[in-house]
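Notes follow the structure.
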Amino acid sequence: MRLINKKNNQIKFVAEVSESLANAVRRYLNHIPILAVDEVDIIRNDSPLYDETIAHRIGLVPLKTEKSMDDKTVVKLKLKVKKEGMIYSGDFSGNAEIVYGEIPITSLNKGQELEILATAKVGTGNKHAKFSPGLMFYRNIVDVKINKDCPKEIVDFCPQKILKEKDGKVIIEDSLKCDMCEVCVEACKKQGKDAIEISPTKELKISLESFGQLSVEEVFKNSIGALKKDLNEVSKKIGKIK
């Protein structure tokens, strides 16, 4: 496993792992317990948006999820404003930390008021998208072989701009960026040459992004942990079969 780059909420790395295992880890992101607004009581709404629209927006506001939280956790959030202008997620007060305080909820005109009581609970993304902690996707790392007689004009055909001419030859600058579109391969064939060969390797380029409730490292580790837990349960049940 080798790191490509890392940001606050995103990590990209290369690993030699089967697609089936990578896909299992990806799916189990939605088995991680996450805190999100589950119930919304709208006491007063003078804004131009329907109650249902406001409730939907509030439900998708990411909340920090602590390790101590479980399926019995209940957190109350309150919002009571009477001001002209845009109302943001950061205007809520309560015992939960709002990850992004500048998410627009609705707007008010002069003299209008908005009062809301929200209840946040812990759930998983396989039950509802508001409990999803992030997303993961991957693709094959490829091996690109370029023959010496590869036409130089093929460089301009690559959509990813990763081919270039050096010392009279066509080379690839970064195979990690190749997405196997095979535009260059087809362009060579149209000129009667089979000069470029693209084949997948055993490595995958994996990208993982957190929505902010947990760090990207926690999302990855917790997903693997949830997968291991279910596999252990299956193993125990299989072991009881005689």
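The values are calculated or read from the model by the stated rules, or taken from the named source; none is laboratory data. Note that the coordinates shown come from a computational prediction; the quantities given were computed from them, not determined experimentally. Quick reminder, even Gly has a Cβ in these numbers, built from the backbone with ideal geometry, and neighbours come from all protein chains shown.
General remarks:
- Exclusive hit being touching a residue at least 24 places away in the same chain (Cβ under 8 Å) and surrounded by 15 or more Cβ atoms within 10 Å (Cβ to Cβ), set Ile4, Ile43, Ile11: Ile11
- Tally of residues being in a loop (DSSP other than H, G, I, E, B) and out of contact with any Cys (no Cβ under 8 Å at 6 or more places or on another chain) across the stretch 140-154: 3
- Only one of Gly101, Gly111 that is under 21 Å from Glu66 (Cα atoms), outside any strand (DSSP E or B) and outside the structural domain of Asn8 (by TED's automatic domain parsing): Gly101
- Residues within the stretch 186-242 that are β-branched (Val, Ile, Thr), over 30 Å from Ile11 (Cα atoms) and surrounded by 13 or more Cβ atoms within 10 Å (Cβ to Cβ), tallied: 1
- Thr53 being at pLDDT 95 or above and exposed (fewer than 15 other Cβ atoms within 10 Å of the Cβ): yes
- Any hit, the stretch 117-139, residues being closer than 30 Å to Asp179 by Cα, of a type in the set (D, E, K, R), out of contact with any Phe, Trp or Tyr (no Cβ under 8 Å at 6 or more places or on another chain) and not in a loop (DSSP other than H, G, I, E, B): yes
- Given (1) assigned to a loop (DSSP other than H, G, I, E, B); (2) farther than 22 Å from Phe211 by Cα; (3) not charged (D, E, K, R), index of the condition Ala96 fails: (2)
- One residue stands out among those in the stretch 168-185 that are aliphatic (A, V, I, L, M) and assigned to a strand (DSSP E or B): the one that is surrounded by the most Cβ atoms within 10 Å (Cβ to Cβ), which is Val170.
- Only one of Thr119, Thr106, Thr124 that is out of contact with any helix residue (DSSP H, G or I) (no Cβ under 8 Å at 6 or more places or on another chain), among the hydroxyl-bearing types (Ser, Thr, Tyr) and over 30 Å from Ile196 (Cα atoms): Thr119
- The stretch 67-100, residues that are under 27 Å from Ser223 (Cβ atoms), loosely packed, with under 13 Cβ neighbours inside 10 Å and small (Gly, Ala, Ser): Ser68
- Which numbered condition Phe137 fails, given (1) under 15 Å from Pro33 (Cα atoms); (2) surrounded by fewer than 19 Cβ atoms within 10 Å (Cβ to Cβ); (3) in contact with a helix residue (DSSP H, G or I) (Cβ under 9 Å, 6 or more places away or on another chain): (1)
- Applying the criterion of being among the charged types (D, E, K, R) and in contact with a helix residue (DSSP H, G or I) (Cβ under 7 Å, 6 or more places away or on another chain) to the residues of the stretch 176-208, the residue that is nearest to Phe137 (Cα to Cα) is Lys205.
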